[in-house]
Amino acid sequence: MRFHTHVGVLPHEQEFAQPLEMDVTVWLGDEQMDGSASTIDYRELYRAMADSVSAAPIGYLEDLVDAAARAVLHLPAVARVRVAARKPHVALAGPLAFAEVAVERTRDA
């Protein structure tokens, strides 16, 4: 998923929006009570990610991926989730394709 948002702790990062890429992988729980397989509505998954990105200013990618993972875990069928955030424009002294932070959470944790 791609978003355009304010992300970072430096003054220019808080003033100018920049691209942010998010990956989400979910593991579904056991089958439902009626014996059918667990399913997930991708629109709800996207909404959970978009809401996390559009919440209060994003300072650190670590905070963002943690909040997004916890939001996705609130979806009924999700037992486990992995969320990664990639920031292509990072202010460093040398060449860099992107900075990425990933977290994996389970419903129990």
Worksheet item: Which condition does Ser54 not pass, out of (1) closer than 13 Å to Thr25 by Cα; (2) of a type in the set (Gly, Ala, Ser); (3) surrounded by fewer than 16 Cβ atoms within 10 Å (Cβ to Cβ), if it passes all the others?
Response: (1)
Practice prompt. Can you give me the number of residues within region 57-84 that are farther than 26 Å from Leu10 by Cβ, in contact with a Gly (Cβ under 9 Å, 6 or more places away or on another chain) and either among the basic types (Lys, Arg) or surrounded by 19 or more Cβ atoms within 10 Å (Cβ to Cβ) (or both)?
Written response: 2
Worksheet item: Among the residues of region 92-109, how many are surrounded by 10 or more Cβ atoms within 10 Å (Cβ to Cβ) and in a loop (DSSP other than H, G, I, E, B)?
Response: 3
Worksheet entry | Of residues in region 65-91 being in contact with a Leu (Cβ under 9 Å, 6 or more places away or on another chain) and part of a loop (DSSP other than H, G, I, E, B), the one farthest from Thr39 (Cα to Cα) | Ala91
Discussion item. Condition check: at pLDDT 90 or above, surrounded by 14 or more Cβ atoms within 10 Å (Cβ to Cβ) and either among the acidic types (Asp, Glu) or over 19 Å from Ala102 (Cα atoms) (or both). Does Asp23 satisfy that?
Written reply: yes
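The values are calculated or read from the model by the stated rules, or taken from the named source; none is laboratory data. Computed from a prediction, not measured in an experiment: that's the story for all the values here. Glycine also receives a Cβ, built like all others from the backbone with ideal geometry; neighbour counts cover every protein chain displayed.
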